[in-house]
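Take a look at the structure below.
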Amino acid sequence: MIRSRTLYQKIWDAHVVERGEDGTCLLYIDRHLVHEVTSPQAFEGLRAAGRRVRRTDLTLAVPDHNVPTTPDRVFGIRDEESRLQVEALETNTRDFGVPYIPMLDSRQGIVHVVGPEQGFTLPGLTIVCGDSHTSTHGAFGALAFGIGTSEVEHVLATQSLRLRPAKTLNVVCDGTLAKGVTAKDLILHIIGILGTAGGTGHVIEYTGEALRGLSMEGRMTVCNMSIEAGARAGLIAPDDVTFAYLKGRPLAPQGAVWDQAVEAWRGLPSDPGARYDATVHVDASVLAPTVTWGTSPQDVAPITGVVPDPAQEPDPVKAASMRQALAYMGLEPGTRLQDLAVDRVFIGSCTNGRLEDLREAASVVRGRTVAPGVQVLVVPGSGLVKRQAEEEGLDRIFREAGCLWREPGCSMCLGMNEDRLSPGERCASTSNRNFEGRQGRGGRTHLLSPAMAAAAAVTGHLTDVREMTR
Amino acid sequence: MKPFQILTGVAAPLPRVNVDTDQIIPKQFLKTVKRTGLGAGLFYDFRFKPDGTPDPTFVLNQPAYKDAKILVGGANFGCGSSREHAPWALLDFGISCVIAPSFADIFFNNCFKNGVLPLALPDEQVQRLMALVTDRPGTALTVDLRERRILGPDGAPLFNTPFPVDPDRRRALLEGEDEITTTESRGESLDAFEAQQASAWPWVRTRA
């Protein structure tokens, strides 16, 4: 009898080059995305050892973290260090023959937006990148995870990694999401349940009715934030929604090979009776729009709630870290979340910088204006997203409301370019991390969905978007 | 990679949970194209006030701890981004061992690639170490990876049982293994895998 296997086990088994006695495997890597921040030292290592890139055809490089998002970037990158890092990527990819999408190419964007958009990301593959949000690509049923620079060098040189198998966690999302509640709210809620370390050592497979109902964009948002629950990878079984998204993409297979691929991909979903190391059920139907109040993505609450009180927390370690978070965030326990005024709004990132995200935000902003004193940055995830959004007139909706419409990049998700918070500024952000200093030293981040960010932009404070769309 | 075998040095307490890699090495230091010199940015927002002067209340700025070689931290140490700049910064500062109840996966993995030992110990052992190095500032510990022991200042083992560490990772650290060289020796297996995959899954090849 054939053993029932999970999606994760199937992908793992199909990529084992060698299996060691202790379970450590040499695993083949099918796709390697490269950006400017975590690769220069890897290429330097190759150079020093006289090595070449084993499979340039399975590698794709694009600058994203450092690039300015202002239109004047056509004249070059002003920040000296950022410019040198992007130039290093250009030189390295040329020297080693790696396919490269330059900053001014219309396909440029955040690696995790570009990969799927180009059809570089496919079901059943192993995908790595020197970036923790590589988990995004798991939405296609690919085993995708972030690696450090030493491993980037290892993959460039050998197209493989030495790895130990992870445990599996099945997060079953029952029910359907209510109107105004999105994939972002779902994943924030899940992280709140699991905790920021709850997925450590695990690969999360998201299953259930609520997941099946999500678009590819929504599924990417969910998988993207798996790392915020400590899981290196998130997975969603591929289905017709997946295949429809990929068909005809520039790097996706075509013709008879496409048909052959789809047939194989239909065999990827976890077998009935396959065993997971752990299972968690989430009732998606009861969710409200969700926001973070603290400095860890696990610090979540429904928008209808209040800032929690550390005095009510029985665990002294948790209570201490809550106090620290509230002090940093400048918040008092018991304050209604909807009363929190924001200075800045950021709509973008590999979590929520895709077309559907911009459409959602635009639908809230349409016919309204940005609240006085609030600066709103809208940063498409890629040049192609930007172009499509402009064809649909979304840029006009944002501009007319008073938002800044920018060029693609990682931008204020991590503030490696000029897009940064000033100390004490409060920001409603569609990104993925609310760590201390993440968006700029002293900056205060509240994570939320694109629609919720748009609602905060026009009211000037955190707002339940459901009350605006009734 | 420089091997890690035995380390003796001052241990500094950092009793915070979920220390993330943005805290360990903030974004502005990620613009380098080198692995060295990152010690200057280690825990930058904790070590330096907004005006750029050192914050004397932060542990690594205190005279007894400024030459720390070991860090005792809280649970889920190193969560967040995959930046290997985090272990590079620790190493450049002089810290090559972090002891905590648990670590985030990517950081944990990155440490082993750089001769840094991330040591996950049971909660009560970490608490004991935390108390020891807090109560007596400047306490030197010895971490012996060969014997899997932590020794106190008097040279006696602090715990009855050897600490747990993955045997393969331990070997790699002790030897200072160059993992790429090891994998390159498996070239025939890689060639065979690629040939088999090309016929079974032809779509894996890109059309680029």
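The values are calculated or read from the model by the stated rules, or taken from the named source; none is laboratory data. Since this is a predicted model, take the numbers as computed values, not measurements. For neighbour counting, all protein chains shown are included, and Cβ atoms are generated from backbone atoms with ideal geometry for every residue, glycine included. Accessible surface areas use protein heavy atoms only, side chains included; no ligands, DNA or RNA. Shrake-Rupley method; radii C 1.70, N 1.55, O 1.52, S 1.80 Å.
Give the residue that is nearest to B:F112 (Cα to Cα), with candidates limited to residues of the stretch B:76-98 that are assigned to a loop (DSSP other than H, G, I, E, B) and facing chain A (nearest Cβ under 8 Å).
Pass one, the stretch B:76-98, residues assigned to a loop (DSSP other than H, G, I, E, B): B:76, B:78, B:80-84, B:94-96.
Now drop any that are not facing chain A (nearest Cβ under 8 Å), which leaves B:76, B:80-84.
Working: B:N76: 17, B:G80: 17, B:S81: 17, B:S82: 14, B:R83: 14, B:E84: 11 Å.
Among those residues, the one meeting the criterion is B:E84.
Can you pull out every residue in the stretch A:250-298 that is touching a Phe, Trp or Tyr at 6+ places or on another chain (Cβ under 8 Å), of a type outside the set (A, V, I, L, M, F, W, C), in a loop (DSSP other than H, G, I, E, B) and over 28 Å from A:G230 (Cβ atoms)?
Passing the criteria: only A:P253.
Sort out which residues of the stretch A:125-150 are within 7 Å of chain B (Cβ to nearest Cβ) and outside any loop (DSSP other than H, G, I, E, B), and write them in order of number. Outline the logic, then answer.
Applying the first criterion (within 7 Å of chain B (Cβ to nearest Cβ)) to the stretch A:125-150 yields A:125, A:130-132, A:146-150.
Scanning the stretch A:125-150 gives A:S132, A:G146, A:T149, A:S150.
Of everything in the stretch B:155-170, what is of a type in the set (D, E) and either assigned to a helix (DSSP H, G or I) or more than 8 Å from every other protein chain (Cβ to nearest Cβ) (or both)? Give them in sequence order. If you could, list the steps in order and put the result at the bottom.
Applying the first criterion (of a type in the set (D, E)) to the stretch B:155-170 yields B:166, B:168.
Within the stretch B:155-170, just B:D168 meets the criteria.
Could you count how many residues in the stretch A:218-241 are outside any loop (DSSP other than H, G, I, E, B) and crowded, with 22+ Cβ neighbours inside 10 Å?
Going through the stretch A:218-241, the residues outside any loop (DSSP other than H, G, I, E, B) turn out to be A:218-229, A:233-235, A:240-241.
Cutting the leftovers down to crowded, with 22+ Cβ neighbours inside 10 Å gives us A:218-229, A:233-235.
Residues meeting the conditions: 15.
What are the residues in the stretch A:292-323 that are hydrophobic (A, V, I, L, M, F, W, C) and without any contact (Cβ under 8 Å) to a residue 12 or more places away in the chain, if any? Explain how you work it out, then say what you get.
Step one: of the stretch A:292-323, the residues hydrophobic (A, V, I, L, M, F, W, C) are A:293, A:300-301, A:303, A:306-307, A:311, A:317, A:319-320, A:322.
Answer for the stretch A:292-323, where residues must be hydrophobic (A, V, I, L, M, F, W, C) and without any contact (Cβ under 8 Å) to a residue 12 or more places away in the chain: A:V317, A:A319, A:A320.
Please work out which one of (1) under 30 Å from A:L33 (Cβ atoms); (2) away from chain A (no Cβ under 14 Å) is the condition B:P118 fails and give its number.
(2)
Within the stretch A:164-181, identify whether any single residue is small (G, A, S) and surrounded by 24 or more Cβ atoms within 10 Å (Cβ to Cβ), and answer yes or no. Don't jump to the end; show me each part of the working.
Within the stretch A:164-181, the first condition is being small (G, A, S), and the residues that meet it are A:166, A:175, A:178, A:180.
Those left that are additionally surrounded by 24 or more Cβ atoms within 10 Å (Cβ to Cβ): none.
The answer is no, given that none of the residues of the stretch A:164-181 is small (G, A, S) and surrounded by 24 or more Cβ atoms within 10 Å (Cβ to Cβ).
Name the one entry in A:V53, A:V86 that is open to solvent by less than 40 Å² (accessible area, probe 1.4 Å), closer than 30 Å to A:Q9 by Cβ and over 20 Å from the mean Cα position of the chain (by Cα). Lay out the reasoning, then the answer.
Working: A:V86 fails: closer than 30 Å to A:Q9 by Cβ.
From the options A:V53, A:V86, the qualifying one is A:V53.
Does A:T242 count as over 26 Å from A:R359 (Cα atoms), hydroxyl-bearing (S, T, Y) and either in contact with a Phe, Trp or Tyr (Cβ under 7 Å, 6 or more places away or on another chain) or touching a residue at least 40 places away in the same chain (Cβ under 8 Å) (or both)?
No; evaluated as a whole, the condition is false for this residue.
Could you list, in sequence order, all residues of the stretch B:8-39 that are small (G, A, S) and surrounded by fewer than 24 Cβ atoms within 10 Å (Cβ to Cβ)?
Listed by number, the residues that qualify are B:G9, B:G37, B:G39.
Residues of the stretch A:1-25 being open to solvent by less than 10 Å² (accessible area, probe 1.4 Å) and either of a type in the set (A, V, I, L, M, F, W, C) or free of Cβ contacts under 8 Å to residues at least 24 places away in the same chain (or both), which ones?
Within the stretch A:1-25, A:L7, A:I11, A:C25 qualify.
Restricting the search to the stretch A:1-55, which residues are more than 11 Å from chain B (Cβ to nearest Cβ) and modelled with pLDDT under 95?
Scanning the stretch A:1-55 gives A:M1, A:I2, A:R3.
Is it the case that A:A284 is among the aliphatic types (A, V, I, L, M), buried (at least 20 other Cβ atoms within 10 Å of the Cβ) and touching a Leu at 6+ places or on another chain (Cβ under 9 Å)?
Against the criterion (among the aliphatic types (A, V, I, L, M), buried (at least 20 other Cβ atoms within 10 Å of the Cβ) and touching a Leu at 6+ places or on another chain (Cβ under 9 Å)), A:A284 qualifies.
Restricting to the stretch A:190-216, what's the tally of residues that are within 20 Å of A:D131 (Cβ to Cβ) and crowded, with 24+ Cβ neighbours inside 10 Å?
6
Across the stretch A:26-46, what is the total count of residues that are more than 25 Å from A:H137 (Cα to Cα) and in contact (Cβ under 8 Å) with a residue 40 or more places away in the chain? Steps first, answer last, please.
Within the stretch A:26-46, the subset more than 25 Å from A:H137 (Cα to Cα) is A:44-46.
Remaining after also requiring in contact (Cβ under 8 Å) with a residue 40 or more places away in the chain: A:45-46.
So the answer is 2.
Which count do you get for residues in the stretch B:50-75 that are in a loop (DSSP other than H, G, I, E, B) and not basic (K, R)? Can you show your working first?
Taking the stretch B:50-75 and keeping what is in a loop (DSSP other than H, G, I, E, B), we get B:50-53, B:55-58, B:62-69, B:74-75.
Narrowing further to those that are not basic (K, R): B:50-53, B:55-58, B:62-65, B:67-68, B:74-75.
Summing the residues that are in a loop (DSSP other than H, G, I, E, B) and not basic (K, R) in the stretch B:50-75 gives 16.
Select from the stretch A:154-205 the residues that are in a loop (DSSP other than H, G, I, E, B) and among the aliphatic types (A, V, I, L, M) and write down the one among them that is nearest to A:H15 (Cα to Cα). Step through it out loud before you land on a result.
So in the stretch A:154-205, the residues in a loop (DSSP other than H, G, I, E, B) come out as A:159, A:164-166, A:175-182, A:195-201.
Cutting the leftovers down to among the aliphatic types (A, V, I, L, M) gives us A:166, A:177-178, A:181, A:197.
On the way: A:A166: 14, A:L177: 35, A:A178: 39, A:V181: 37, A:A197: 27 Å.
Among those residues, the one meeting the criterion is A:A166.
Go through B:L38, B:L42, B:L60 for me and flag whichever is in the same structural domain as B:I106 (by TED's automatic domain parsing) and in contact with a His (Cβ under 7 Å, 6 or more places away or on another chain).
Answer to the selection: B:L38.
Just checking, which of B:L173, B:L141, B:L190 is touching a strand residue (DSSP E or B) at 6+ places or on another chain (Cβ under 9 Å) and either part of a loop (DSSP other than H, G, I, E, B) or more than 14 Å from chain A (Cβ to nearest Cβ) (or both)?
Working: B:L173 fails: either part of a loop (DSSP other than H, G, I, E, B) or more than 14 Å from chain A (Cβ to nearest Cβ) (or both); B:L190 fails: either part of a loop (DSSP other than H, G, I, E, B) or more than 14 Å from chain A (Cβ to nearest Cβ) (or both).
Of B:L173, B:L141, B:L190, the one residue that is touching a strand residue (DSSP E or B) at 6+ places or on another chain (Cβ under 9 Å) and either part of a loop (DSSP other than H, G, I, E, B) or more than 14 Å from chain A (Cβ to nearest Cβ) (or both) is B:L141.
Considering only residues that are polar (S, T, N, Q), closer than 21 Å to A:M468 by Cα and open to solvent by less than 10 Å² (accessible area, probe 1.4 Å), which ones fall in the stretch A:345-385?
Narrowing the stretch A:345-385 to residues polar (S, T, N, Q): A:349, A:351-352, A:363, A:369, A:375, A:382.
Now restrict to residues that are closer than 21 Å to A:M468 by Cα: A:352, A:363, A:369, A:375.
A:N352 - this is the single residue of the stretch A:345-385 that is polar (S, T, N, Q), closer than 21 Å to A:M468 by Cα and open to solvent by less than 10 Å² (accessible area, probe 1.4 Å).
For the stretch A:289-330, give me each residue that is closer than 22 Å to A:R466 by Cα and either among the charged types (D, E, K, R) or open to solvent by 20 Å² or more (accessible area, probe 1.4 Å) (or both). Spell out how you get there, then give the answer.
Restricting attention to the stretch A:289-330, the residues satisfying the condition of being closer than 22 Å to A:R466 by Cα are A:289-293, A:299-307.
Residues satisfying the conditions are A:D299, A:V300, A:P302, A:T304, A:V306.
Spot the failing condition for A:T279; the list is (1) hydroxyl-bearing (S, T, Y); (2) in contact with a strand residue (DSSP E or B) (Cβ under 6 Å, 6 or more places away or on another chain); (3) surrounded by 16 or more Cβ atoms within 10 Å (Cβ to Cβ), and only one is missed.
(3)
Looking for whichever is open to solvent by less than 30 Å² (accessible area, probe 1.4 Å) and within 11 Å of chain A (Cβ to nearest Cβ) here; the options are B:Q127, B:Q197. Which one fits?
On the way: B:Q127 fails: open to solvent by less than 30 Å² (accessible area, probe 1.4 Å).
Selected residue: B:Q197, the only one of B:Q127, B:Q197 that is open to solvent by less than 30 Å² (accessible area, probe 1.4 Å) and within 11 Å of chain A (Cβ to nearest Cβ).
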